Structures are given as structure tokens and as C-alpha cells.
Amino acid sequence: MALPVPSVSAAPLPPGTRLPVLVIGTGYGGSVAALRLAQAGVDVHMVEMGMSWDTPGPDGRVFANTTRPDYRSFWLRTRTKQPLSNFLGFPLDKDIPRYTGVLDAEEFGGITVYQGRGVGGGSLVNGGMAVTPRRENFGAVLPTVNADEMYEVYYPRANAGLGVNQVDPDWWESAPCYQYARVGRKHARRSGFPFVFVPNVYDWDYMEREATGAVPKSALAGEVLYGNNHGKKTLRKTYLAEAEATGRVSVSALHKVTSVAPAPGGGYTVLIDELDTTGATTATKSVTADRVFFAAGSIGTSKLLTRLKATGALPGLNGEIGKGWGDNGNVMCGRANHLWDPTGKLQSSMPTAGIDNWEAGGAFAEVAPLPTGIETYASFYLSITKNPHRAEFTWNAAAGRVELNWQTAWKQPSIDMAKTIFDKINAKEGTIYRTDFFGFYKIWGDHLTYHPLGGAVLGRATDNYGRLHGHPGLYVIDGALIPGNTSVNPFVTITALAERNIETIIAADL
Ligand code: FDA
């Protein structure tokens, strides 16, 4: 049976309200903060610029399918911007009505950053891969954090809170929907690479029932990028459901924070635009909060803090604001398999495994699905690489926007690291790269990231627990704290770090 989607209250937030705690954003960091504060007896109000995603559309479904994007799919675009933009020489993008859809493809000069928009943040659109970094890599991920505490207390707590679980290996071995992953394993092993199973937050019992036809299909209908209608344990079903059950957490969707500044009588004045589904502002309100948690994601938090520092709204912030941003080394590619090596026309949209060449070549490659519904004879990979480049956000006063100085050419080290895996596999298998996924004769998806990290780095822009320097009562608690790379998919680390930080903040500050 499908897990129920709890209704997260569409709480009113009248202008002039005084709040003990306001949380900006409802992704991983924000949801952890809200739950733990509420359990400690603190009332929390969350504001989220995206929609609440609890109402079905005219087709009876909340979310659109990956292969048929519609008005629900993209955040305020009139044309889709699909990560995989072309197929067999044909462009895949198409016109759609402008709407506050669930996936944002936010464009900066040198990179497009994909993010979830709505109550649940990135958990609404991501692949659910719930990976704890290898212990020996942790020192480079978060150098100022005690690794023993993380691996003994906070990673286990995060995994439990997120509902992380493993696919049944026996089922996986014979399921037609994981033929693509088994082909990925065969090729990895024949070239001598370690192939590792990774946990996920998808409900595997549900997926097994999808395969028998007993329940409506979601992962097996290719749902992922524009939301899953069933099966995936998003934050709506885990942290946020628990938070709402405390009776102390309320959420206002389609509310976008535009300013935070010290209030005359103490606390912070927060300005919020209320949006309609065209993205137009229907009201602007001012509330006051004793404490504010920035949980708007690496990009959202960095953009807000960079502007608020530059425009003098938060003059005490230090010179580290906006710095240390990285793309988690993301780069994509496809390989063309032989006709005797099909990857299957039915592909589960939830990845289960990766090729670990981090030590030798600086790359961890997720064996990713291509849920097109037809046989593509292609293997598709999202590599996470040890890319050394870090970018910085700055305020462009003339243009009235925050800019990011990432250069597309900075992906070259990532490509080189990914090639340590795929050049070898191609040589062994006698295969070639696909050149039709990202344009015409273009091998590498080097224009994008799914994993923005940094911009308000722990121990630099904040103290070692996320307290912003210069303004007591302001905290960062999301991916902005992590300095650019986690060596694997990031949301478990974001959640575990939030668990660690909020425990100290509750004990010491509240
Ligand atoms: P997150 O982005 O989750 O939440 C921030 C929230 O704040 C958003 O809901 C946003 O709308 C809101 N917000 C922003 N600005 C605001 C403002 N001014 N006012 C109000 N609200 C505001 N990771 C992983 O570990 N495994 C995986 O399989 C994948 N797969 C994947 C696929 C795709 C397509 C994407 C886009 C991403 C992934 N990820 C992933 C990445 C993962 O989803 C991401 O790292 C986390 O969601 C980041 O968590 P945060 O808490 O930092 O912010």
C-alpha cells in the first residue's frame, strides 16, 4: 500500500506576527531543525517559496511523469530545460505554461543548478540515493567536524530519520527493471572496478508490488525528476510528518523570504513575498522572529546572505559569505552498448549502485537509469568527482542580482576523473561514448549540477555549529555549510550535519 502523504498545514502568517523561530526553506536542513526544535518545546514557523504539492492535478496525480513534463514540472519557465536535452539527434525540450513547478533549473554564467521547489525541497525531485561517505574520506568533506561523533551518532540518526533502506539483493538480481544496473555491474567488474550497492529512501516493498502490478506504478513508471506520486519517502513522509505531529510546526507555502535584518526591539525583521502560481507577488509581509534558520539550500541561502551583507541589511556578516561553493564534481555521460547487451526498456528510476574509483581516480559514478520506456542500448552515469574548483557568489548592484563565478571549463578535472572509469570500460568492452544526450556530438554533461554545496561554509562564515558570525540568533543549517564536495550524493551528510548542529544549538542557545 502507498505511504500516505500527510497534509502539511497551509498555515496563515499574518503581517506583524512575532515568532520564536522562523525557518527559511523546507528541505533537509530545515526539516531537521523544525523537528528537533519542536520536540524541545519550541514553536516553529517554516516558509517555503515553492508549492505544498498535496493536491492532485486534473489527471488525478500530484506530479507529472519524467517523460511527459507539463506545467507542474518546472519552476517559472515557458520551456523545459531537461538535464538530458537530446536523444538520437532530436532536442527533447518543449514549451510549457509558466507555473511554480517542482524542479528549478537555475542558470548562472557557467552552470545550471537543478533544485527542488516545494514543501520537502530537494527530496521531492531527487533520486533518493542515501549515501554515507566512506569514513576515510570524511576528513576532506567536513574538516572541522569530529568524525567519531558523526559516524557513531549523527549519521545513524539521519539514516533512521530519513527511512533509509536497502533493496533486496535477490529481487534485484532478477528484476527486469534493474537489468541496466546489472549491465553496469558486469562492465565495472570486467574492468576491475569496485561496484557498490547504495541505500535509498524509496520503499522497496512498494517497488516490488509495482513490479507485480498490485499497486500504482511510480519508480517503474519512470517518475523522479518532476516528483514521485508513490513509493519515495520524501521529507513530507519522514521529518516533516513527524514535525507536524508535534503540533508545534506550521508551514506557509508560496512564501519567499526576501530580507532579514535586525529588528529595533531585538530579533529580526523578515520580509516575505507571497506568490501566486504564476510567480507574481500578491502580498508582501513583514514578521519578526527571535531566531532565523537559513535552510534555503546552498544556492538560496548563499544568494540571500550575499545580498543582505552587500546591501547592509546584515552588516555584521563576515567576508566568508558567498565563498567555498562547489558542484560536488558532478558530470554526466552515456555509453553505447553492443546490441547483444541491452539495458532494458523498463528501468526503475531509483538508482541502486555505483562504481567506486574515488581513491584511484577521484570519481564515484552512480549507475543511473534512463527511464525512456524504450530499449536504448545505453548505459548512463552521474559521476561525483574530486573537482578542486570553488566558486564565489557576489552582488551585482547594477543588475540587482547575485552572480556566481563558476566557469564551465572548471569541469575539465571532473571529466578527466570520470574518464579514469569510462575510458577503461570502453576499451575493455569495445564500446564508445554516446554523443547525442547533451547536444550534437557532445559527450559530457558538464553544464550542470544536481548537488550544489557551500557558500556559507561551517567554521568560516559560521562557527563550528552553523551560528552566523556577527548576528546572534541567525543560523545556517543546510547544504551551504558544506565546502563544495561530499565524495558521494549529499543529502545524508546534510541531514546528519543538521542533526549534529541543532543538538548543540538547542542545548546552548535555547
Ligand atoms: P533543499 O534544496 O533541499 O531545500 C531548500 C528549500 O528552500 C527549497 O524547497 C527551496 O524552494 C526553499 N527556498 C529557497 N529560497 C527560499 C526563499 N528565499 N524563501 C523561502 N524558501 C526558499 N542527493 C542525494 O543525496 N541523493 C540523490 O539521489 C540526489 N539526487 C538528486 C536529483 C536531482 C534532480 C536533484 C535536483 C538533486 C538531487 N540530490 C540528491 C541533491 C539533494 O536533493 C540536495 O543536496 C538537497 O535537497 C539539499 O538539501 P538542503 O536542505 O540544503 O536544501
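Since every read-out is calculated from the coordinates, none of them should be taken as a lab result. Just so you know, these numbers come straight off a predicted model, no measurement behind them. Reconstructed Cβ throughout: ideal geometry from the backbone, glycine too, with neighbour counts over all protein chains shown.
Sorting 76-84, 335-343 by their mean Cβ neighbour count within 10 Å, with the most densely packed peptide first, gives 76-84, 335-343.
When each of Phe74, Phe193 is scored by the number of other beta-carbon atoms lying within 10 Å, the sequence from fewest to most is Phe193, Phe74. For the range 11-110, rounded, prolate or oblate, judged on the Cα gyration tensor with a ≥ b ≥ c (square roots of eigenvalues), a/c < 1.5 rounded, else prolate if a/b > b/c? Prolate, because a/c is 1.5 or more and a/b exceeds b/c. Counting only Cβ charges, +1 for Lys and Arg and -1 for Asp and Glu, the dipole size of the range 60-213 around its Cα centre is about 600 debye. Normalised by residue count, the chain yields a Cα convex hull volume of 137 Å³ per residue.
Overall, the range 18-509 carries a charge dipole of about 700 debye about its Cα centre when +1 sits on the Cβ of Lys and Arg and -1 on the Cβ of Asp and Glu, all other atoms neutral. Obtain the radius of gyration and the Kirkwood radius of the range 188-310 from its C-alpha atoms and give Rg over Rh. A ratio of 1.12. Axis angle, to the nearest 10 degrees, between helix 179-190 and the longest C-alpha principal axis of the chain: 70 degrees. Against the longest principal axis of the chain, how steep is helix 297-310, in degrees 0 to 90 to the nearest 10, with axes from Cα atoms? Approximately 40 degrees, to the nearest ten. Each Lys and Arg Cβ is given +1 and each Asp and Glu Cβ -1; about its Cα centre, the range 129-173 then shows a dipole of about 220 debye.
As a rough footprinting exposure proxy, the listed residues Thr132, Thr246, Thr486 were ranked by other beta carbons within 10 Å of their own, and the order from fewest upward is Thr246, Thr132, Thr486. For the range 443-487 and the range 189-216, write down the distance between their C-alpha centroids in whole Å. A separation of 31 Å, based on Cα centres. Note on Asp170 and Asp148: with the Förster distance fixed at 35 Å, the Cβ-Cβ geometry gives a FRET efficiency of about 0.50. Cut-off under 26 Å on the C-alpha distance; same-chain residues fewer than 8 positions from Lys303 excluded. Which lysines are left, in chain and number order? Output for Lys303: Lys81, Lys256, Lys285, Lys323, Lys386, Lys411.
Sorting Phe63, Phe87 by the number of Cβ atoms found within 10 Å of their own Cβ, with the fewest placed first, yields Phe87, Phe63. Helices in the chain, meaning DSSP H runs of at least 4 residues, each add -39500 (n - 2.57). Divided by all residues, the mean residue ellipticity at 222 nm is -6500 deg cm²/dmol. So what does the Cα-only Debye profile of the range 142-215 read at q = 0.28 Å⁻¹, as log10 I(q)/I(0), no solvent term? The calculated log intensity ratios at q = 0.28 Å⁻¹ are -1.23.
Using a ≥ b ≥ c from the Cα gyration tensor of the range 335-451 (square roots of the eigenvalues), is it rounded, prolate or oblate, where a/c under 1.5 gives rounded and otherwise the larger of a/b and b/c decides, a/b for prolate? Here the range 335-451 falls in the prolate category.
According to the Kirkwood relation over distinct C-alpha pairs, the hydrodynamic radius of the range 95-220 is 18.0 Å. Take each peptide in 494-504, 282-292, count the other Cβ atoms within 10 Å of every residue, and average; sorted highest first, the result is 494-504, 282-292.
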